[in-house]
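Okay, structure first, notes after.
Throughout, read-outs are computed from the coordinates displayed, never taken from laboratory work. Remember, predicted model here, so these are calculated numbers, not experimental data. Here the Cβ is made from the backbone with ideal geometry for all residues, glycine too, and neighbour counts use every protein chain on show.
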Amino acid sequence: KINLLIENEIKNAKAGKKAYIHWKLNNLTDREIIQSLYDASCAGVKVKLIVRGMFSLVPGVKGVSENIKAIGIVDRFLEHTRFMIFCNGDTGNEQVFITSADIMPRNLDHRIEVTCPIFDKNLKRELMDIFEIQWSDNVKSRILDEKQTNRFVESKKKPVQSQIAIYDYIKEKNLANK
């Protein structure tokens, strides 16, 4: 199913439609999925990955993965969040999934894991917002690139420590809903 969703983004990119993939994972080591992401990059799909642990994909390689950007965040709180966002051709039409699985052969091929779609617009928006908050982290995020130096993101912008920013975001949402 994951490969079908990636193939849909490739089809949309080739048709000139908006196409992107945003994933928040703990580990990404499955070769078949990685190859599909490389294929997506070559087709023009913009891929953003937030991967906390093992990461076998090499982003930023011309002709292979130049449309893939990746960061890793390790901070105070241990996170096991895993979700996937697929543009699905247009803003507002995104397909969003939460999953128990890391994108690893042991999880995809040898364990029982669950991936389920999110249909509620508010929950989709919340996960998409959380992704963007984490993507904007310029305090604890490391750049995962072809050089494999894992250097911290440098920015002259206002500091964003995503774990604190997400806490504040959820707190504000809860206060607004009271």
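How many residues are touching a Leu at 6+ places or on another chain (Cβ under 8 Å) and free of Cβ contacts under 8 Å to residues at least 40 places away in the same chain when one looks only at the stretch 73-96?
The total comes to 1.
Being assigned to a loop (DSSP other than H, G, I, E, B), under 14 Å from the mean Cα position of the chain (by Cα) and without any contact (Cβ under 8 Å) to a residue 40 or more places away in the chain is the filter here; which residues of the stretch 14-44 pass it?
Passing the criteria: none in range.
Just to be sure I understand the filter: pairs with C-beta atoms under 7 Å, separated by 6 or more residues or on different chains, first member in the stretch 154-178 and closer than 19 Å to Val74 by Cα and without any contact (Cβ under 8 Å) to a residue 24 or more places away in the chain, second member aliphatic (A, V, I, L, M) and surrounded by 13 or more Cβ atoms within 10 Å (Cβ to Cβ). Which pairs pass?
Pairs that qualify, where the first residue is closer than 19 Å to Val74 by Cα and without any contact (Cβ under 8 Å) to a residue 24 or more places away in the chain and the partner is aliphatic (A, V, I, L, M) and surrounded by 13 or more Cβ atoms within 10 Å (Cβ to Cβ), are Pro159/Val139.
Of the residues Thr91, Thr81, only one is among the β-branched types (Val, Ile, Thr), under 19 Å from Gly53 (Cα atoms) and part of a loop (DSSP other than H, G, I, E, B); which?
Only one candidate passes the filter, namely Thr81.
Go through (1) in contact (Cβ under 8 Å) with a residue 24 or more places away in the chain; (2) out of contact with any Leu (no Cβ under 8 Å at 6 or more places or on another chain); (3) at positive phi and name the single condition Asp129 misses.
(3)
Looking at the stretch 92-109, which of the residues that are touching a helix residue (DSSP H, G or I) at 6+ places or on another chain (Cβ under 6 Å) and β-branched (Val, Ile, Thr) is surrounded by the fewest Cβ atoms within 10 Å (Cβ to Cβ)?
Checked the stretch 92-109; the qualifying residue surrounded by the fewest Cβ atoms within 10 Å (Cβ to Cβ) is Val96.
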